[in-house]
Each structure stands twice: as structure tokens, then as C-alpha cells.
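*Asks:* This is the structure I have questions about; it appears just below.
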Amino acid sequence: MKRVSNRRDFMKGTVRVAAGFTAGLAAAGRTASGSGQQPNARGVTAVIPMPIQVVIDDVGWWSGHDGSKQQEPYRTGIPRDHVPADYEAIARLGRLLGIRPQAAMILCEWDRNNILRKLPTSTWMGANWDNSKWVGPWLEEAADIIRSNSEHFEMTMHGVGHEYWTDGKFTRAEWADSNGTMRPVDQVEAHLDNFEALLNQNKLGPLPVSFVPTAFLHGFGPTGGHTMSLAEILGRRGIVYINTPFESMQNRAAVSHGVFGFDAGVITIDRGQDLMDWSDIGKTPAGQLQGPTCGLHWPNLLHTDPERNAETVDGWVRFLQPFNSAMGTLLAANSESFRTQLVHHVCTRLTLMDDGIRFDFAKVDILPRPPVQHELILKLRSPRALNFTSDTINVTPEPPTETEGSHQYTLRLSRIPGRKEAQLSFAARS
Ligand SMILES: [Zn+2]
């Protein structure tokens, strides 16, 4: 179970948060583009679409066993071991959709040298940690898939052993207790050091720039008398982005922008609710996404027979593809463009006129950490084919699609640094 509390508490939290979430998105619609923009006199509508990012938790286990009844981690709960093909499934999802899914990794079962003996809080075996069972050629095979698909596989930090062990028993979870209060700073730092060492052992690259808290136990800002928040500690190591459901986040009322807020300069984005239960395997996705994150657990993307993983992946491709063609949404190409687009979706004020669109970026530029990227995407629909021009923003249109007699444009815009406003003109093609 990746969730925090018992089912009743969970449901209780869900209702409260679902309300907050809707409010957040509705507010975005008023102050910015959102969706539901009224057409101008020429029937043109325009929107800064909400980006969607796929985040997959608990990647990295080799055992699928849910060990929670034996003081072992929850792991993925599937009835088989994990295999390199389970990594290929993530890369396939990315390739087919042109995205870079985030794989939130747990790395203890990648420990080739039993270094975790020196960090007894990180595993169920404590000082007697022995991972020799999981040291084999599959490590290098999986690492090779990760490295050779870097455009379609983003390593994200999840944890070392997922829970936190003292005297042979675990409590939830690795980075924070069941209230979302951060673990002792020296322990947090040691777990980070060891996560990085496990990456190095396996040549999996530097510490990722994004983070998903285990069991979604997290505090926004400092917790429990600590002077620093977890976000601040992570930020010092180069992490710029945290993704977690706000329903289980301590101090969530301090979030500034509904679906996101900044904690010591680290953007923290609401995961909302997943479409599937954490242990569902081989199912076809259905239902509504409630916000910008499409959260999964690894089994949700897999099949009990790994040779048939592609069937499950292709179900997700069919489910997600329409978000790219819809007016109000898009699938973010990677996590940086996701964060940038989300900030513009919520904060950029868009004014639609009869012959153009005015952009006001003031609320973006005063954020604690404005986006580094200058690019954003606008979608526009018109009964007539249009030409676009601007002196104040660079515009690259993609070939339009025709739907129900109207032309739908996806425009890649690039801000000119220093300009807080921009205007895009359009005219019917003669
Ligand atoms: Zn997890």
C-alpha cells in the first residue's frame, strides 16, 4: 500500500482534497487561459493548455513481493520478480507518446556492495543487509535500457528502501513519518548520500532533479521543529521539483497556486488521485484525469507475463494520446517543459481580441522561481485558416489539424527575455 492511512481516513482526505483541487483549477480558468475561453467575433478560441505528465512510482525493485506483513517494504505487490523488460515498458510508453515519463526509483535492490549495512534505517535487514540475491546480469541490462532511452525515461528519486526501520520494524515512510514530519536531518542526508552512491555503483547518472516522496508522506515547508524543510535539503543537492498528492501533505494550506506551490524555491506539484490502485496489473486505464499529473505505480504499466508488457503499455498509449489532440490539454515532452507550461497555464493572463492575443506574464515573473525555459504552447481554433505574426514573441506553428470544419493550431511560443507582455496577431489567410 503506497498510501498513508487506512482506507477510511484515505477516503475522508480524498473528499476534502477533491474540493480543493477543483477550486484550484477553476481559479486558474478565471485568471488565466484555463479552458473554456469564449470565442471572439470571428469564432476564434485560444487556450494555454494544461500539460500532463506521467509519473510512475516504485520502479527499481527486483522482487515484486509485498513484504509489509513481514516488516519488509510494500514493494510493487506483483506475483513475479521484475525483469529488464519492465524498464523497456516505460521507454516504450515514452517513445510512442513522444514524452519522457518519470520513473520514481527505489534503489536498495541495486546494491552490489552491501553498502546499506552502514545505514540500518534504510532496509529490513539493518546492519546484516545482504543483497547478493539480486546482484546479476539483469542490473546491467536494465541500466542499459535506462541509459539508452534517456529521451523517454527520466530517473526520479523515490528512495533507498521506501520505509524507515528501527529495531527491525518499519514505520512509514523513508523521508517523513506518518504525519508528514521529516525524519532527523542526519538521517535524511545519509539516505540521500546512499541513494547517490547506488546510482554511482550502477552508472545510472547523477542525482535526479525531481523527487516523489515515498508513501506520499511529505511536509510543505519545515515540519516538527526542524529549521529546514525537506525541499530545502533536496534543493541544495540540485532537486528542483517535487511531485506528491496534496491530500496527504502536511501544511498543504500554505500552497500558493492551487495545483502548485514553492517550498524553498522547489516547485511542488499536486499529483491528485491515481486512476488505478497501486497493485493493479495488466488492466486497461479508464476514467478522468483530475489534474496535471497522471500518476501510476509500476505494475499498472506491466503484465503478469513480461513478454506481454507491450499490451498494457499500448492501453495507456490509447488512453493518453487524446490529451495531445484536445484543445485544453497536452502531453508534456519532459518534466522541465511540464513545469514551465503548468506555470503559464495557471499564471499567464491571456486576452483574446478580434485580430490577436495579448499575453501578460507579470504573474509568472514574480514567482519565487520563474521558469528558466522561455517556451510555452498555445492552442487556437478558428473557422478559417490563419497566419500568425508577432514582434514581441517568437512563434512557430505546427501544421494545423482540421476538426469539424475548424482549424486547430498548436503554436510553440518563445518569450523574448525581459518582455513582460507580448502580442500575437492573426489574420485570415487570403
Ligand atoms: Zn512508493
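Every read-out reported here was derived from the displayed coordinates using simple, explicitly stated rules and does not represent laboratory data. Computed from a prediction, not measured in an experiment: that's the story for all the values here. When we count neighbours, we look across all protein chains shown, and the Cβ atoms used for this are built from the backbone with ideal geometry, even at glycine.
*Asks:* Mind pulling the angle between the C-alpha long axis of helix 185-201 and the longest principal axis of the chain? Nearest 10 degrees, somewhere in 0 to 90.
*Replies:* Orientation of helix 185-201: about 90 degrees from the principal axis.
*Asks:* Putting +1 on Lys and Arg Cβ atoms and -1 on Asp and Glu Cβ atoms, find which of Thr351, Pro206, Leu302 reaches farthest to the positive end of the dipole of the chain.
*Replies:* Thr351
*Asks:* Measure nothing fancy, just the Cα-based angle from helix 7-31's long axis to the longest principal axis of the chain, in degrees from 0 to 90, nearest 10.
*Replies:* 30
*Asks:* Given the C-alpha centroids of the stretch 287-338 and the stretch 192-238, what is the distance between them in whole angstrom?
*Replies:* What the calculation gives is 25 Å, centre to centre.
*Asks:* Among His65, Asn251, Ile106, whose Cα lies farthest out toward the positive end of the dipole of the stretch 51-325, if unit charges sit on the beta carbon of Lys, Arg (+1) and Asp, Glu (-1)?
*Replies:* About the Cα centre, the residue reaching furthest to the positive side is Asn251.
*Asks:* Turning to a different aspect of this structure: If you take the beta carbon distance between Asp167 and Asn113 as r and set R0 to 30 Å, what does 1/(1 + (r/R0)^6) give as a FRET efficiency, to the nearest 0.05?
*Replies:* 0.75
*Asks:* Distance cut-off 31 Å, Cα to Cα: go down the list Lys203/Lys283; Lys203/Lys420; Lys69/Lys203; Lys169/Lys283; Lys133/Lys203; Lys203/Lys363 and report the pairs above it.
*Replies:* Pairs exceeding 31 Å: Lys203/Lys283; Lys203/Lys420; Lys69/Lys203; Lys169/Lys283; Lys203/Lys363.
*Asks:* Using unit Cβ charges (K, R positive; D, E negative) and no other charged atoms, how large, in debye to the nearest 20, is the dipole of the stretch 320-430 about its Cα centre?
*Replies:* 240
*Asks:* Counting only residues 5 or more places away or on other chains, whose amide H sits under 5 Å from the amide H of Ala176 once H atoms are built in the peptide plane?
*Replies:* Arg183
*Asks:* Can you tell me the dipole magnitude for the chain around its Cα centre, using point charges on the Cβ only (Lys, Arg +1; Asp, Glu -1), in Debye to the nearest 20?
*Replies:* 1140
*Asks:* Next question. Picking from Val364, Pro39, Gly282, whose Cα lies most toward the positive end of the charge dipole for the chain (charges on Cβ: Lys, Arg +1; Asp, Glu -1)?
*Replies:* Highest projection toward the positive end goes to Pro39.
*Asks:* Calculate for the chain the 222 nm mean residue ellipticity that helices alone would give, adding -39,500 (n - 2.57) per DSSP H run of length 4 or more and normalising by residue count, nearest 500 deg cm²/dmol.
*Replies:* It comes out at -7500 deg cm²/dmol, rounded to the nearest 500.
*Asks:* Thr284 versus Arg147, label points 7 Å from Cα toward the beta carbon: distance in nm?
*Replies:* So the label points at Thr284 and Arg147 sit 3.9 nm apart.
*Asks:* Okay, next question. Evaluate E = 1/(1 + (r/R0)^6) for Thr401 and Arg42, where r is the Cβ-Cβ distance and R0 equals 25 Å; express this FRET efficiency to the nearest 0.05.
*Replies:* 0.85
*Asks:* While we're on this one: On a 0 to 90 degree scale, rounded to 10, what angle separates helix 309-320 from the longest Cα axis of the chain?
*Replies:* The helix 309-320 is inclined about 30 degrees to the chain.
*Asks:* With r defined as the distance between the Cβ atoms of Asp193 and Phe319 and R0 fixed at 35 Å, what FRET efficiency is calculated, to the nearest 0.05?
*Replies:* 0.35
*Asks:* For the ranges 301-307, 238-244, 159-165, what's the packing order if you count other beta-carbon atoms within 10 Å of each residue, average per peptide, and put the highest first?
*Replies:* My ranking of the peptides, most packed first, is 159-165, 238-244, 301-307.
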